[in-house]
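See below for the structure under consideration.
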Amino acid sequence: MGLFDKLRAELIDIIEWLDDSRHTLVWRFPRYQNEIKNGAQLIVRPGQIAVFVHRGQIADVFEPGHYELKTDNLPILSTLAGWKYGFDSPFRAEVYFVSTRQITDLKWGTPNPIMLRDPEFGPIRLRAFGTYAVKAADPRALLRELVGTDSAVDTDEITELLRSIIVSTFADVIGSSDVAALDLASRYQEFGETLRRAVQERIDDEYGLEIPQLMIVNISLPEAVEKALDTRTSMGVIGDLNRFQQYQMGQAMTAAAENPSGGGAAEGMGLGLGFAMAGRMMQPGGPGQMPGTVPPPAPPAPPPAAAWHIAVNGQTRGPFTGQQIAAGIASGEVTPETMVWTGGMAAWQPAGQVPQLAPSFSAPPPPPPPPAAS
């Protein structure tokens, strides 16, 4: 190889982008003073597009392939640089590589609940979140609107913008659909595609981006509304409340029968359940009743027992039932002189003068005569 061939070979450069990042959207090829040699090799790999920028003006765009940079394949740059008869010396230009593959696993969500008017519940608040993918569709528009003079642009720099557009569009789509909140879950795919098309219309021409995928993962109601729905669902599952009460009483009776050591508590439970079941049996149409029959009237309540009070050393004791007063008379604790009072009496009276108690103080009959001698 001669000296001139060696110098010529040293002037040849290779321009390429070995992308090792999954979230880089645009990358500028680093060149000292942007000098590119005549006959430099340009390598554009699948999923990339190379864009030449000369003095702030977008020039030639290269699809995936292997190119030797000459006047023939740089027509726009040749015009901008004034190369009428080709070029032999190095030239200055910026080369941007734009990723055209999909960048997936991007997430969106509503930072605050969205107020909507639901046809069933009225005004409600909804939250939603999902995933989406983005790719470059128009490198020229992307460089003009989002890149500027940055040396690299990651998806983190545009996701905030895209999430705001998605959330705003989601509110418009859901608000205009007039679909009840309980029916949204069955239409996630439909609303996701509608949302994707609406977002694409907003960013297509302006930012040069494409949203190939957009999915709604979940739409949720406020916690209080979800609890109310759970209660409503539980009531729907229970169905007939009367039958559910019968079932609960039967379960409680079974549990009480299986626990004979429960003592008074278990007996009280059984007695209470017995009364409850009896009440259920006596209801019209209840179990044990023939359809159309009328239950017999309940017996009248017994008259209230008299409440007695006695005076002992100037103090009132009681109230005592009639049985307790009779036991006191039999034991001698209540004498005919003991002052007593009960409802209906005008004043305190000795027990021996009260008609209800006087017979209890009568002398006992004499003992029977001895049997006659045979």
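The values are calculated or read from the model by the stated rules, or taken from the named source; none is laboratory data. Every value quoted in this text rests on a predicted model; they were computed, and no experiment measured them. Quick reminder, even Gly has a Cβ in these numbers, built from the backbone with ideal geometry, and neighbours come from all protein chains shown.
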| task | Among residues belonging to region 183-215 that are among the aliphatic types (A, V, I, L, M) and assigned to a helix (DSSP H, G or I), point out the one that is modelled with the lowest pLDDT. | result | 185
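Give me a count of the residues in region 1-56 that are over 18 Å from residue 138 (Cα atoms) and either out of contact with any Gly (no Cβ under 6 Å at 6 or more places or on another chain) or at pLDDT 85 or above (or both).
Residues in region 1-56 being over 18 Å from residue 138 (Cα atoms) and either out of contact with any Gly (no Cβ under 6 Å at 6 or more places or on another chain) or at pLDDT 85 or above (or both): 38 in total.
Can residue 373 be described as modelled with pLDDT of 80 or more and outside any helix (DSSP H, G or I)?
So residue 373 fails the test.
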| note | Going through region 139-148 in order, the residues found to be touching an Asp or Glu at 6+ places or on another chain (Cβ under 9 Å) and either without any contact (Cβ under 8 Å) to a residue 24 or more places away in the chain or crowded, with 18+ Cβ neighbours inside 10 Å (or both) are 141, 146
| query | If you go through region 335-366 one residue at a time, how many are at pLDDT below 85, in contact with a helix residue (DSSP H, G or I) (Cβ under 8 Å, 6 or more places away or on another chain) and assigned to a loop (DSSP other than H, G, I, E, B)? | reply | 2
| message | Please verify whether residue 150 is charged (D, E, K, R) and either within 24 Å of the chain's Cα centre (by Cα) or within 28 Å of residue 229 (Cα to Cα) (or both), treating the condition exactly as stated. | response | no
| field | Residues of region 111-146 satisfying the condition of being of a type in the set (Asp, Glu) and over 17 Å from residue 202 (Cα atoms) | value | 118, 120
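Each row is one residue, and each column tells you yes or no for (1) within 30 Å of residue 52 (Cβ to Cβ); (2) in a helix (DSSP H, G or I); (3) within 18 Å of the chain's Cα centre (by Cα).
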residue: 115; (1), (2), (3): no, no, yes
residue: 126; (1), (2), (3): no, no, yes
residue: 132; (1), (2), (3): no, no, no
residue: 146; (1), (2), (3): yes, yes, no
residue: 161; (1), (2), (3): yes, yes, no
residue: 176; (1), (2), (3): no, yes, no
